[in-house]
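I have placed the structure first, in the form of structure tokens, so that the comments after it can refer back to it.
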Amino acid sequence: MKRPIKSAGIVVAAIGFFAWYYFALPEPLFTRPYSTVLEDEQGELLSAAIAHDGQWRFPQLDTVPEKFKEALILFEDKRFYRHPGIDVLSLARAVKQNIQAGDIVSGGSTITMQVVRLWRNQPRTYFEKLFEIILATRLEWRYSKDEILSLYASHAPFGGNVVGLEAACWRYFHRQPDELSWGEAALLAVLPNSPSLIHPGKNRNALLAKRNRLLERLHKAGKLDEVELDLAKAEDLPEQPVPLPRLATHLLDRSIREGLEQRKVRSTLRHALQVRAEQIVRDHSIRLSGNLIYNAAVIVAEVETGKVLAYVGNTGLTGDDHGQHVDIISARRSTGSILKPVLYAAMLDEGKLLPKTLLPDVPTIINGFAPKNFSKDYDGVVPADEALIRSLNVPAVHMLQEYRYEKLYALLKQMGIGTLTALPDHYGLSLILGGAEGTLWDITSVYASMARVLNRFSLHNDERYATTDYHSLTYLQSPTGQQLLQAQENPIIHAAALFQTFTALTEVNRPGEETGWKNFSGSRKIAWKTGTSFGFRDGWAVGVTPEYVVGVWTGNADGEGRPGLTGSEAAAPILFDIFSILPATTWFNQPYSEMEQVSVCAKSGMRSTILCERTDTIWVAEAGLTSKPCSFHQIAHLSKDGRYRVHASCEPLDNLMSMPWFVLPPVQEHYYKTKNMSYKPLPPFRKDCTATASVASMELVYPKENTRIFIPRELNGSCGRSVFELAHRNPASRVYWHLNGTFIGITQNRHQMALNPGPGKHVLVLIDQAGEPLERHFEVLSN
């Protein structure tokens, strides 16, 4: 019975051994942390982050460069392609040398065995050598020879905290592995043999001798000729390891945050453009720092593909005290006026206005919200395109009030603004003036998407629209990195409205110049817009052509505002310097098939009526045909001398002179006529003619109907006062003021009165000398 039991034990042991042998190698073989590596579109290194264990260990190579392969095999394992993982001849020679020396002077390890040793990372003993021999054969069973070479080249030590061939190439020679010379390849082939003793920086003579001996062997093997040998030997050894490139470091950090850690990230960036963009940002940062503005960011992308070509997340000069490590491109900041073109285009697209429709530009209070223009001045009325060009806040709020902020909120989210996390009522009308936050990434993406619609229309004009992609920008080379926001037959905003919007944005004066840039032959056509947030905290500038979109932000990462921190002064100069280094660009084709010609009033910019004295014919989006007709021209009945208004009750019909007249509401007229000397107010009614209510003569600038007023106390604790203001077509007219039925005073020429009626609801009645009344209700809040 003993013999069968013994045989069974042998069988069980054999099964156990083969089971261990089969499952001995984990998958993947190496689990040590890798560096995160960022490359440009051609595979050139931009920057890298050190691995968690403090080693510069790049992700595993796919292939090993030919020169390094030839040098390594000749130095370490000349029969590499002919043995099954162990080289019996090498082992026998090593045993003989060790016996003769009385110590371990040779290991006889193949490259395959060295991969096992790198994986196991155990002390070198005879027992461990046995493990290496056994597991080397298993390694050969799983991997091809080239894969084994790749494992070795990616995990071999190259001195200090440099692990792997690719990291060594960049640390010692500042180049990619496939660009190695014969001298460099030979040096790196011998370096892992004794990384703790022989590395660049010390033992240089021993290192040089070892490298040159390998070069001699390569020459004898016919791998390089005599001239190549002499040139390789003449190469100097590198000094201490050099720093790795530090380009697009904020994009590297972003890729780590987005789950690409310990990978080689092939980006869409262009190395040369990234270098130039970072230099431009640094140069302007020096200028801006004089005003204590320490941060800036730039993003450059292709319009058609959305591929990011340059990513400058911050200046890199200001240090930790000023937040240089903050990636401004992905940070939420107040948008200022940068989203106004979206509202303008949307209203054109729906026929709610035409490019030169007059918009109110007067002191405005809407449910307690009182927008102000940047200049603190008012024009009375201003054409819509001019309001966009000048980035006037009051007309923009009136536009949004008509369009409705709920619709704009939905539109912005649909176009890719991902920072609108609250409900529309949270933002209200301030949505168009920076009441919401946005990222430079999202905002630049919106401009690119609008330009892409125009490009697609031009390409597929015969079919109206091919499928229009609304996708965010992407920095990943793989197309899977592109985030599709929407694909549909019809775009969110049609090409005609976008073309008119971009055309208006080309009219904005260049920084530091007036309009002379238009005559500069080398100037390229760019649609661009700036924005400045409340408190001078953010300066924006975004420019777009059919080929490229450029987004710029300037400010302080901690939100500190600075006088002069505006989009036009701080951000726009960077924008145009970036465009100056881009290839030549074209301009968008006008989408005629989506536009119609229409007659518009030359003064109001609205569709003309028979009352309009002068008209223009312009191209508009199809929806513009349904826009409102001119409401500013009215029939004025005048006396024969044209000095007074009259009517049939006080003047025979034969003596009436009827003519069209451009009439603005009193408040708009009050501000408009101070800047437009050609404006002719309506003549007053003749004394014997009672004024009619067809055209109001006066209007309250403040307060508006049902306004709720809070009147603060003065510094000495006394009750303060609120200034009530009236606009009258004839400022010289006397106006009688009555508060709650009590007469309180008369104004003439300057119709203002400081009042504090006390808490509660009140009624103000104004009557001018012609007997025209005006009544307003308001409420004073308790303080």
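The values are calculated or read from the model by the stated rules, or taken from the named source; none is laboratory data. Model, not experiment: these values are computed from the prediction. All Cβ positions, glycine included, derive from the backbone under ideal geometry; neighbour counts span all protein chains shown. All accessible areas refer to the heavy atoms of the entire protein, side chains included, with ligands and DNA or RNA removed. Shrake-Rupley method; radii C 1.70, N 1.55, O 1.52, S 1.80 Å.
Shape class of the stretch 533-667 from the Cα gyration tensor (axes a ≥ b ≥ c, square roots of the eigenvalues): oblate, since a/c reaches 1.5 or more and a/b does not exceed b/c.
Note on Ala272 and Lys525: their simple-model spin labels are 2.7 nm apart, each label 7 Å out from Cα toward Cβ.
If Lys and Arg each add +1 and Asp and Glu each add -1, what is the summed charge of the other residues whose beta carbon sits under 11 Å from the beta carbon of Leu260? Overall, the nearby charge balance is +2. The order of the peptides 128-134, 719-725, 438-444 by mean Cβ neighbours within 10 Å, most packed first, is 438-444, 128-134, 719-725.
Charge tally for Cys689 (other residues, Cβ to Cβ under 10 Å; Lys, Arg +1; Asp, Glu -1): +1. Shape descriptor for the chain: Rg over Rh equals 1.19 (Cα atoms; Rh from the Kirkwood inverse mean 1/r). What the Cβ-Cβ distance of Glu705 and Ala410 gives, at R0 = 25 Å and to the nearest 0.05, is a FRET efficiency of 0.25. Carbon-plus-sulfur accessible fraction, the stretch 637-729 (probe radius 1.4 Å, protein heavy atoms only): 54%. For the stretch 574-650, applying the loop criterion from DSSP together with a ceiling of 16 other beta carbons within 10 Å to the trypsin sites (Lys or Arg not before Pro) yields Arg614, Lys640, Arg643. Take 658-667, 220-229 and order them by the average number of nearby Cβ atoms within 10 Å per residue, most first; the result is 658-667, 220-229.
Taking packing as the residue-averaged number of other Cβ atoms within 10 angstrom, the listed peptides 307-314, 525-532 run from highest to lowest as 307-314, 525-532. Between Asn740 and Asn716, what FRET efficiency follows from the Cβ-Cβ distance if R0 is 35 Å, with the result rounded to 0.05? With R0 = 35 Å, the Cβ-Cβ based efficiency is 0.80. Cysteine residues of the chain whose Cβ has no partner cysteine Cβ closer than 4.7 Å: Cys169, Cys719. Decide, for the stretch 611-750, between rounded, prolate and oblate: order the square roots of the alpha carbon gyration tensor eigenvalues as a ≥ b ≥ c, take rounded if a/c falls under 1.5, and otherwise choose prolate if a/b is larger than b/c, else oblate. In terms of gyration-tensor shape, oblate. The angle separating the long axis of helix 405-414 from the principal Cα axis of greatest extent in the chain is about 20 degrees.
In summary, the lysines within cross-link reach of Lys372, defined as a Cα separation below 17 angstrom excluding same-chain residues under 8 places away, comprise Lys340, Lys704. Per residue, the convex hull spanned by the alpha carbons of the stretch 569-625 comes to 147 Å³. Determine, from the Cβ-Cβ distance of Arg124 and Val88 and an R0 of 22 Å, the FRET efficiency 1/(1 + (r/R0)^6), rounded to the nearest 0.05. Rounded to the nearest 0.05, the efficiency is 0.65.
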